[in-house]
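Step one of this worksheet: look at the structure below.
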Amino acid sequence: MYDRFNRKINYLRISVTDRCNLRCVYCMPAEGVELMQHKDILRFEEIVEVVKYAVSQGVDKIRITGGEPLVKKGIVDLIRMIAEIDGIKDFGMTTNGIFLDKYAQQLADAGLHRVNISLDTINPEKYRKITRTGDITQVFKGIEAAKKAGLNPIKINCVVQKSFDEPDARDVAELCKNNNLQIRYINEMNLETGSFSVVNGGIGGNCSICNRLRLTANGDIMPCLFSDLRFNVRELGIEKAFKFAIGEKPKSGHVAKKSQFYSIGG
Ligand code: SF4
């Protein structure tokens, strides 16, 4: 499917939960957040119907996000259900890696192709400070488990303040070089002020060639991360929600006053 700016839309990012086991300082307040009500969260069957429709319209790239997708009960079953849909060429997940040691092999066996793991430093104290609770040794174990399971490529999402030349980013880059991992530098974003930039090592943030839509855990199709436009699949039906989202996808991102990263999945 193409939008009115002739951009080919073939990528659907699916946030399966707004819950997370970490409290990263640039994503979630320390005290946590008011979570979505269970009744508002899409069931697996509903997510599968959305993916089937999206694939029938030309989507061939799917990414599972959160919150943290690996805190979602039955996540391996959902991966298996989505992997059974013909037409998905690229099936990935973005995770903080804390539970990857436990799930990597099951995810690979269920049909997941690859993972992006969030890691902004290799310093255990700094990692705990950034995530407010995280144990970095769990992430390192998760990376090893992902390698062993054959998830490939393994990309590291490294959030930087200003540039990839920051000491922590250089350390993470060195880790990636020594472990055959691909690094992506993500400048810290702000939905309210609309500050974002192109992901270094990816195409996220490059509005002129934007190829994505997002599905939130409560069923909103979002045409753009930096916009408050949302079209709910339960209210409008899947087909209409997609048609509105594609029809109203903005030329470029602006601001999103009503959104939070933890419930969209970046
Ligand atoms: S800001 Fe919106 S249009 Fe730009 S790349 Fe992100 S999602 Fe696409």
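The values are calculated or read from the model by the stated rules, or taken from the named source; none is laboratory data. Being a predicted model, the structure only gives us computed values, none of them experimental. Using ideal geometry, Cβ is built from the backbone for each residue, glycine included, and neighbour counts are taken over all protein chains shown. Calculation scope for accessible area: heavy atoms of the full protein, side chains included, ligands and nucleic acids excluded. Shrake-Rupley method; radii C 1.70, N 1.55, O 1.52, S 1.80 Å.
Tabulated data
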{"quantity": "Qualifying residues in region 185-201 (those that are out of contact with any helix residue (DSSP H, G or I) (no Cβ under 9 Å at 6 or more places or on another chain), touching a residue at least 24 places away in the same chain (Cβ under 8 Å) and more than 9 Å from the ligand (Cβ to nearest atom)) - the one least open to solvent (accessible area, probe 1.4 Å)", "calculated": "186"}
{"quantity": "Selected residue (only one of 214, 230 is of a type outside the set (A, V, I, L, M, F, W, C), within 14 Å of the ligand (Cβ to nearest atom), open to solvent by less than 20 Å² (accessible area, probe 1.4 Å) and in contact with a strand residue (DSSP E or B) (Cβ under 6 Å, 6 or more places away or on another chain))", "calculated": "214"}
{"quantity": "Flag for residue 66 being more than 22 Å from residue 148 (Cα to Cα) and over 17 Å from the mean Cα position of the chain (by Cα)", "calculated": "no"}
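Rundown of residues vs (1) within 24 Å of residue 158 (Cα to Cα); (2) of a type in the set (S, T, N, Q), yes/no style:
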position	(1), (2)
26	yes, no
36	no, no
52	no, no
57	no, yes
65	yes, yes
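Residue-by-condition table, conditions (1) within 19 Å of residue 65 (Cβ to Cβ); (2) hydrophobic (A, V, I, L, M, F, W, C); (3) assigned to a strand (DSSP E or B):
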{"site": "162", "(1), (2), (3)": "no, no, no"}
{"site": "174", "(1), (2), (3)": "no, no, no"}
{"site": "180", "(1), (2), (3)": "no, no, no"}
{"site": "183", "(1), (2), (3)": "yes, yes, yes"}
{"site": "192", "(1), (2), (3)": "no, no, no"}
{"site": "202", "(1), (2), (3)": "yes, no, no"}
{"site": "229", "(1), (2), (3)": "yes, yes, no"}
{"site": "251", "(1), (2), (3)": "no, no, no"}
{"site": "263", "(1), (2), (3)": "yes, no, no"}
